[in-house]
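The values are calculated or read from the model by the stated rules, or taken from the named source; none is laboratory data. None of the values given here were measured: they were computed from a predicted structure. Reconstructed Cβ throughout: ideal geometry from the backbone, glycine too, with neighbour counts over all protein chains shown. Remember, those area values only see protein heavy atoms, side chains included, never the ligands or the DNA or RNA. Shrake-Rupley method; radii C 1.70, N 1.55, O 1.52, S 1.80 Å.
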2 protein chains.
Amino acid sequence: MCRAMGLAGLLLGLVVVPAVLVSTNLRQGAARTGAEPEPSDWEVAADAGPEDSLWPLPQWVRTYPRQLQLAPSRFQLVHGAGSSAGPGCGLLQDAFRRYYEYMFGRSRWRTWGRWPLAARAEPELFQLQVVIEAGDSGCDRHPQLGSNEAYHLSVTQPVAVLKAPEVWGALRGLETFSQLVHEDDYGSFLVNESEINDFPRFPHRGVLLDTSRHYLPLKSILTNLDAMAFNKFNVLHWHIVDDQSFPYQSIYFPELSDKGAYSSNLIYTPADVRVVIEYARLRGIRVIPEFDTPGHTQSWGKGQKDLLTPCYSGGQPTGSFGPVNPVWNTTYDFMTKFFKEISNVFPDEFIHLGGDEVDFSCWKSNPEVKEFMKKRGFGIDYAKLESYYVQNILDIVSSYNKGQMVWQEVFDHKAQLKPDTIVQVWMANNYAHELSSVTGAGLTAVLSAPWYLDYISYGQDWKKYYSVEPLKFSGSEKQKKLVIGGEACLWGEFVDATNLTPRLWPRASAVGERLWSSSNVTNLQDAYRRLRHHRCRMLRRGIAAEPVFVGYCAHEAR
Amino acid sequence: MCRAMGLAGLLLGLVVVPAVLVSTNLRQGAARTGAEPEPSDWEVAADAGPEDSLWPLPQWVRTYPRQLQLAPSRFQLVHGAGSSAGPGCGLLQDAFRRYYEYMFGRSRWRTWGRWPLAARAEPELFQLQVVIEAGDSGCDRHPQLGSNEAYHLSVTQPVAVLKAPEVWGALRGLETFSQLVHEDDYGSFLVNESEINDFPRFPHRGVLLDTSRHYLPLKSILTNLDAMAFNKFNVLHWHIVDDQSFPYQSIYFPELSDKGAYSSNLIYTPADVRVVIEYARLRGIRVIPEFDTPGHTQSWGKGQKDLLTPCYSGGQPTGSFGPVNPVWNTTYDFMTKFFKEISNVFPDEFIHLGGDEVDFSCWKSNPEVKEFMKKRGFGIDYAKLESYYVQNILDIVSSYNKGQMVWQEVFDHKAQLKPDTIVQVWMANNYAHELSSVTGAGLTAVLSAPWYLDYISYGQDWKKYYSVEPLKFSGSEKQKKLVIGGEACLWGEFVDATNLTPRLWPRASAVGERLWSSSNVTNLQDAYRRLRHHRCRMLRRGIAAEPVFVGYCAHEAR
C-alpha cells in the first residue's frame, strides 16, 4: 500500500508520508501455530515480500515499521570507527564486494539507480558500518572451532552498524543484513529499521561432500561454499578420498592420485586445495579433510604398494586386498609421512581420520595378521586390532598438533581417545543413545545420523531434518555441552555435478537453521514460509536450489 | 590392443593390420546372467568402450569385428539414391547437422581431424546414406500414432546405408548410428561394421512434463526433447495447466494466463508453443497437450468468471470454487471455443482431456448442481454428473476431428467413450487389473502407473521402472494389442528448472528401453552397463543426466 502511494507521489512530484505503524515486531523464537501451508501460498511469489526472509532465524530480532531506502549508487559497506579492521582486511573487503552484489545485483540498478530518492517517502540509509571489536582483527587467520561468530546489527537512519567481536561474526552479520534488504515492485531497495542480536547455538555446523564416489569439479565445491555461507554453515567436511577414487594429489605420494584417481584430470591439485581452503576461509568456513582409514581405502592401494592387507583363501593370496595392513611397520612409516603432509596442507586444527565400517573378513583370512593378533593377545577380537591401528594413527596425527575427528565406530570399539577427540555419530539406529554414551565418556560429539541427505524421498523431507533436536538424549547438562554441532552429509554414490546443488539445497538449509537458531525455533509453518523465501534468494544468487513446493520465484531459474 | 598397435604403426610410419576376430556378435534380446554390478565397474569410465553403447537396445543387432574409421573432415550424412527425401527435406537436413555434431563435437576435431588416415589400419567409412523408401517423404508432416519408426542400418565399408519407410524411422536410425560411432583413446572416430534391424515394440512412448506446479522455461522443455530423442521417446505429454497456474497464453481467452499464470513472464506465448511443437517434430516427437477438466482447474477460474462451481456452506456461497460448473450452458460455450483454439494450435491428432481426481464435495454443496442432478435423474451419484460433463467435452473435441486421451477415472466412472479413446492408467494400485478392464472394454490403453518418476527414492530405482512388463495382465492377444505404450510422468510439485533434467534422466531411459526394445530385453546387468554408457553420452551431449552409480565419464559434467 505504501508502495503504491510512493509511486503516486513520485508521478505527481509530491512527497508522500507513509502511515506510521505503531507496533513493533519482536521475535525471539517464533511461536505461531503450526499447520500445513495454505493453498493460497502458491499464489504469491515465494520471494515477494520483505517479511519472513531471514534464514536461519537470528537469536533475537526486533524490526520496526519504518523503512529506509538504499541507493545502490551511493550505498556503502565500510569499516566503522573503532574497528580493528580496515581497508587492509582482505577478508572483509571481499565480503563487502560480495554482499553489495547480492543486495543490488550486478548491473540492473546502474541504469536507473540514480532515480531521485527525494521523490520518495522513505529516508535513506547510506552506509553499513562494520566494527570489529577485538584488538586483533584476525583478518588473515583461519576460522576455528572456538571462533566467535556473534554479532549485533542495528539498522537505523542514516547508517546501520554491525558490531562483532571477530570478523567471523561480521561475516554472519553481513549475510543477515543482506537478507533484510529487499527490492520492492518498483525496483527500490528497502530495509526496515531493525535490531538484531545473534550468535550460533552450536559452533560446529557442517556439510559433508564426498569427492570419491564421484569427482566434483572445483566449481561445484565453490558454489556449495557460497550456499553454505548463505546458510551460516561453518565447516566443510571434505570426504576427499574413499574406495572408489583418490582425487587428492599428494605432494609426497603423487602415485596415489596418478593411479588411484578416476582419471588424470579428475584430481585436486595442491593449487585446487588451496583455492578451496581460501574460498572457504573468506566465508568463515573451516575445511576439515577426511582421510578415512583403515577401511574405505581400496583406491589407496593402487598407488601405494604394500599398504593394504592381502586377502587369503585356502592358504593362498586371492589377489584382492582388504583394509590398510595394521601389522607392518611400513604402514605407519607411510602414514607418518602422509599425515605430515596433510597436517601442513590443511590449516584447520582438526583432521578427520574416518575409522568407519571396517570389514574384518580380509584381516581374518591373512596369516600374518592372525599371527600378529596372537602375539598381541587380541584373541579373535578384531575390533582390538582396529583400535590398535587407529590408536597409532591418532598418535601420529597428535604429534603434528592436530585434533581428531572420527566416526563413531572408533569410540564403539573402545579405542583410547584423547579427551578433545570429536566423535561423529552417524548410525541412524538409536543415535540418542550413542550421544549419551559418547558424551558420558567425556568426549565431544557431532551429530550426523538424522541428516544423511543422500537418502532422498518424495516430498518435503526438510521437515524431518528440521524437526531433529540434537540435545534430545539422556545426559547431564555437562554432557549436552559436549555436543558441539552437526553435519548434513551428502554421500556421493548417486551425486555428482549434475545434481549436487538441487539435491543439497535447500534441504541442508533445514539443518543449518537447526544448528544456528534457538532451540525453540521449531514452527514448521513459519519455517516453510521463510525457507521458500530463502530458496528463492539462493536461486537469485546463483544457487540452483530445488523448489520447496509448488509456486515460483520472482527471479526464476533459467 | 589394436589401438596400441595402431599408435605404434603411426609412429613408425607403418601400416599395421589388426588381428581379425573370427566371431561375430549377434544379439537379439540380451541373455547374460543377471547380477549386481561388479565393484571393478568403478574403475572404468562409464563411457570408455565402444561396446554396450546402444540404448534402447535395437530389436536385432549384428556387429562384426572389423572397425571402420571416420574422418570428421570428410564424413558425410547424405541422402541416398532412391530416397524420396532430398536436400529440400528440412527435417533430415537438421537431423544430419545435429547428429554430425553429436558424433564429432563442435570444434575439437577441426584442429587435428585431417590427420592422415592412411597411417592407420582401419578402412574408412565415408558416408551414411539415408534412404526414405515411401513415395512421399513426409518431411513436412507431423509424426502421429501410426507413424512408421522402423529402420534398417547397414554399416560396411565404404558407405553405411540407413533405410527407413518414413523419415521417423530415419531419425531413430540416425540416433542408433551415432551411438555406434565412438572415439578411441587417440581421438580417432571408429565404428564396427554392423547390421541393425529395428522398430519399436510400442507406438506410444511418452514423457509427461507438468508446467503448472512450476513453470518450466522453454529451454528446459527443449533440452528435455533432445533427451527424449536420445532415448527414442516419441510423445511429449504436456500437462500444461492445472490448479496452480495457467501458463498457456490463449489467443481467444488471454485473461486465462493474464490472471491465471504465476506471473506475466511465466507464460507460453503462441510463438513459444509453436517452437516446442516444431522442435519436437524435428525429433519425431508428438506434442499432446493436456487441458485437464473438470477438476484441477483452480487457475482457470481467475481469468474466466462463471466457469467454476461456487461452493456453498450453510446455504451461502463460501467464496471458494470447485471443479468446472457442469450445469451451465455458458461452460460449454466457453469450452467449445477454447478447444477449437487448442485443436488448431496443436497439430497432433490427440488432445488429452484429463478427467482425473474430481472432488465432488463442492458440487454436492451447490443448490443449482443438486437441482440439476434431480432433473437429470442422477440421484446422488456424482460420478454420473462427471460423466455427463466429460461426455459433453468429448463431443466438442470430437467435432474438431481430434482423438482423445483421458485419465482412467473417466473410464472407471463409465463415461461412454468412443472406441478410439486412449485411457491412461495411472493408479498404482492394481494397474494390471485396470489394463484388463480397459482393454476388455475394447478401449486403447497407455500405462503410466508404475512410472511416476516424481516419486523419488534412494538408490537405483531405474531397475524398478525397467522391470515392469506392460503386458503382464490377464487378457486376450487382442486385448494386449490395445496397450499402445506408456509414459514416464514427472509431475511438477517438487520439480522446476533447477532439478528437472537430473531427476528425469537417466531414470526415464529405463522406461524408454522398456517401451522400445523387445520384451525379452530384461537383463539388469546388461542394462546397467549400457545405461551407464548412455548416461555419459547424454552428458556429453549437454543433458545433465544424473549418475547411475559410482564412477565417472570420460567427459564429466562441469
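See the values below:
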{"quantity": "Zone residues, region B:171-210, relative to A:Ser263, backbone N less than 17 Å from point 7 Å out along Cα-to-Cβ", "calculated": "B:182-190"}
{"quantity": "Estimated 222 nm signal from helices in the protein assembly as shown, with DSSP H stretches of n ≥ 4 weighted -39500 (n - 2.57), rounded to 500", "calculated": "-9500 deg cm²/dmol"}
{"quantity": "Average Cα contact separation per residue, region B:204-541, under 8 Å, 6 or more apart, as relative contact order %", "calculated": "17"}
{"quantity": "Neighbourhood net charge (14 Å Cβ-Cβ; Lys/Arg +1, Asp/Glu -1) for A:Arg274", "calculated": "-3"}
{"quantity": "Under 5 Å, built H, 5+ apart or other chain: amide partners of B:Ala445", "calculated": "B:Val423, B:Val483, B:Ile484"}
{"quantity": "Those residues of region A:254-291 whose amide nitrogen sits under 20 Å from the label point placed on A:Trp328, 7 Å along Cα→Cβ", "calculated": "A:254-261"}
{"quantity": "Loop sites in region A:270-329: trypsin sites (Lys or Arg not before Pro), DSSP, at most 13 other Cβ within 10 Å", "calculated": "A:Lys305"}
{"quantity": "By accessible area with a 1.4 Å probe, ligands and nucleic acids excluded, highest first: order of A:Asp395, B:Asp185", "calculated": "B:Asp185, A:Asp395"}
{"quantity": "Positions from region B:483-523 whose accessible area shrinks by 10 Å² or more when the full protein complex is built, not the chain alone, probe 1.4 Å", "calculated": "B:Glu493, B:Phe494, B:Asp496, B:Ala497, B:Thr498, B:Asn499, B:Pro502, B:Arg503"}
{"quantity": "Farthest toward positive dipole pole in the protein assembly as shown [+1 Lys/Arg, -1 Asp/Glu at C-beta], among A:His214, B:Val276, A:Ile484", "calculated": "B:Val276"}
{"quantity": "Dipole magnitude (debye, nearest 20) for the protein assembly as shown, charges at Cβ of Lys, Arg, Asp, Glu", "calculated": "920"}
{"quantity": "Apportionment of accessible area to carbon and sulfur, region A:397-451, percent (1.4 Å)", "calculated": "51"}
{"quantity": "Teacher prompt: B:Gly377 distances to equivalent labels in other copies, 7 Å Cα→Cβ, nm", "calculated": "9.8"}
{"quantity": "Label-point gap, in nm, between B:Lys370 and B:Asp94 - each point 7 angstrom along Cα→Cβ", "calculated": "5.6"}
{"quantity": "Cβ neighbours within 10 Å from other chains - mean over A:450-456", "calculated": "2"}
{"quantity": "Ellipsoid semi-axes in whole angstrom, largest first, where each is sqrt(5λ) of the Cα gyration tensor of region A:271-379", "calculated": "34, 14, 12"}
{"quantity": "Of B:Lys337/B:Lys402; B:Lys414/B:Lys480; A:Lys364/B:Lys464; A:Lys384/A:Lys472; B:Lys305/B:Lys370; A:Lys305/A:Lys402, pairs whose Cα-Cα distance is over 25 Å", "calculated": "A:Lys364/B:Lys464; A:Lys384/A:Lys472; A:Lys305/A:Lys402"}
{"quantity": "Difference of contour (0.36 nm per residue) and Cα-Cα distance, B:Arg62 to B:Asp185", "calculated": "41.8 nm"}
{"quantity": "Accessible area (Å², 1.4 Å probe, nearest 10) - A:Thr297", "calculated": "0"}
{"quantity": "Sites matching trypsin sites (Lys or Arg not before Pro) across region B:379-438 that sit in DSSP coil, with at most 14 neighbouring C-beta atoms within 10 Å", "calculated": "B:Lys414"}
{"quantity": "Whole-Å semi-axes of the protein assembly as shown's equivalent ellipsoid (Cα gyration tensor)", "calculated": "49, 45, 29"}
{"quantity": "Given charges at Cβ of Lys, Arg, Asp, Glu: region B:204-541 dipole, positive-most of B:Gly442, B:Pro502, B:Asn366", "calculated": "B:Pro502"}
{"quantity": "Average beta carbon contacts from partner chains per residue of A:536-549, 10 Å cutoff", "calculated": "3"}
{"quantity": "Charge dipole (debye, nearest 20) of chain B; +1 at Cβ of Lys and Arg, -1 at Cβ of Asp and Glu", "calculated": "760"}
{"quantity": "Considering only region A:204-541, percent of DSSP beta bridges that pair antiparallel, nearest 5", "calculated": "10"}
{"quantity": "Sites A:Ala441 and A:Asp461, calculated FRET efficiency, Cβ-Cβ separation with R0 41 Å, nearest 0.05", "calculated": "0.80"}
{"quantity": "Accessible area that becomes buried as A packs against B, both chains, 1.4 Å probe, Å², nearest 100", "calculated": "3900"}
